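Read through the structure below, which is laid out as structure tokens, and then see the notes.
The values are calculated or read from the model by the stated rules, or taken from the named source; none is laboratory data. What you see is a predicted model; the values in this text were computed from it and never measured. Positions of Cβ are generated from backbone atoms using ideal geometry, with glycine treated the same way; all protein chains shown enter the neighbour counts. Accessible surface is based on the protein model in full, side chains and every heavy atom, while ligands, DNA and RNA are left aside. Shrake-Rupley method; radii C 1.70, N 1.55, O 1.52, S 1.80 Å.
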Amino acid sequence: SQQGEEDPQALSIQEGENATMNCSYKTSINNLQWYRQNSGRGLVHLILIRSNEREKHSGRLRVTLDTSKKSSSLLITASRAADTASYFCATAFSGTYKYIFGTGTRLKVLA
Amino acid sequence: DGGITQSPKYLFRKEGQNVTLSCEQNLNHDAMYWYRQDPGQGLRLIYYSQIVNDFQKGDIAEGYSVSREKKESFPLTVTSAQKNPTAFYLCASSMRVEEGSGANVLTFGAGSRLTVL
């Protein structure tokens, strides 16, 4: 399978704590994206990091990319109950339409 | 509001029946996609279309068919040949991917949940 893998599969934290989830992938990429999915809903794009970038920030989100290790991490700081969702990474080759999604991390933030 | 509309939200099918899931977008996106999601798993690509009247198989196309007669529409038919069709189906769209520029961001619909009785 070409699917990426997220780690951990599930994460439960208290409100206000930071949440870190990791993504590993198998092939060379042009960019890596993170998406969020609330239960039973469609996915929403969070952030995109290109292969020549090492770190990117967006609000409370921080993404890192290590192309030598074929891995990425998503950090959510000062988590809120509303952050409870599943988070997926997605990768694609340059110029391709085939996005490969990971298996997701289910995050639960306890109020 | 611009977006993607999937219908129906819930669908029940008897074994041996074909069903068609609708996907319409008003984002003026060239590319459209169908993904399948099973519990505890990531998304798997069924079909994608880069432009009107053209589409390609994804990783799990067997038992499915699509058409792309209009830019706005990309319906998915789940045929009786699909052995395990019960799943959550997600449609997405994106701007056209230019060679060398890398993949674009996907915009997703709310999904259609198909259950085979």
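Some points to look at:
- Surface composition of chain B: carbon and sulfur make up 46 percent of the accessible area, probe 1.4 Å.
- Rounded D (µm²/s) - the range A:35-111, Kirkwood Rh over Cα pairs, Stokes-Einstein at 10 °C, 1.306 mPa s: 117 µm²/s
- Ligands, DNA and RNA left out, the 1.4 Å accessible surface of chain A is 46% carbon and sulfur atoms.
- Burial of 20 Å² or greater, the range A:75-102 residues [accessible area, probe 1.4 Å, versus chain by itself]: A:PHE88, A:SER94, A:GLY95, A:TYR97, A:LYS98, A:TYR99, A:PHE101
- Top of B:GLN17, B:GLN25, B:GLN50 by mean-square fluctuation, Gaussian network on chain B, Cα under 10 Å: B:GLN17
- Relative contact order, whole percent, for chain A stands at 38, derived from Cα pairs under 8 Å and 6 or more residues apart.
- The range B:32-117: C-alpha pair distances exceeding 19 Å, %: 37 percent
- Here the spin labels are modelled as points 7 Å beyond Cα on the Cα-Cβ line, and at B:ILE51 and A:THR64 they lie 4.2 nm apart.
- Convex hull projection area averaged over all views, the range A:1-85, Cα basis, nm²: 5.9 nm²
- Among the listed pairs A:LYS98/B:LYS71; B:LYS14/B:LYS71; B:LYS57/B:LYS83; A:LYS98/B:LYS57; A:LYS26/A:LYS98; A:LYS108/B:LYS9, those whose Cα-Cα separation exceeds 22 Å are B:LYS14/B:LYS71; A:LYS108/B:LYS9.
- Normalised contact order of the range B:24-117, rounded percent, pairs of Cα under 8 Å and 6 or more residues apart: 28 percent
- Most mobile listed residue (B:VAL66, B:VAL19, B:VAL105) in chain B, GNM with C-alpha springs under 10 Å: B:VAL105
- If you run the Gaussian network model on chain B, springs between alpha carbon atoms under 10 Å, then out of B:LEU45, B:LEU90, B:LEU21 the most flexible one is B:LEU45.
- Residue-normalised accessible area of chain A, given per residue in Å² at a 1.4 Å probe: 46 Å²
- Top positive-direction residue, dipole computed over the protein assembly as shown with Cβ charges, set A:ALA82, A:ILE47, B:CYS23: A:ALA82
- Long-range tail of P(r) for the protein assembly as shown (Cα pairs > 23 Å, %): 48 percent
- Interface area, chains B and A: about 2100 Å² of buried accessible surface, summed, with a 1.4 Å probe and ligands, DNA and RNA left out.
- Summed side-chain charge close to A:VAL44 - residues other than A:VAL44 whose Cβ falls under 14 Å, Lys, Arg +1, Asp, Glu -1: +1
- Pairs of Cα atoms nearer than 8 Å and 6+ residues apart set the relative contact order; for the range B:1-43 it is 40 percent.
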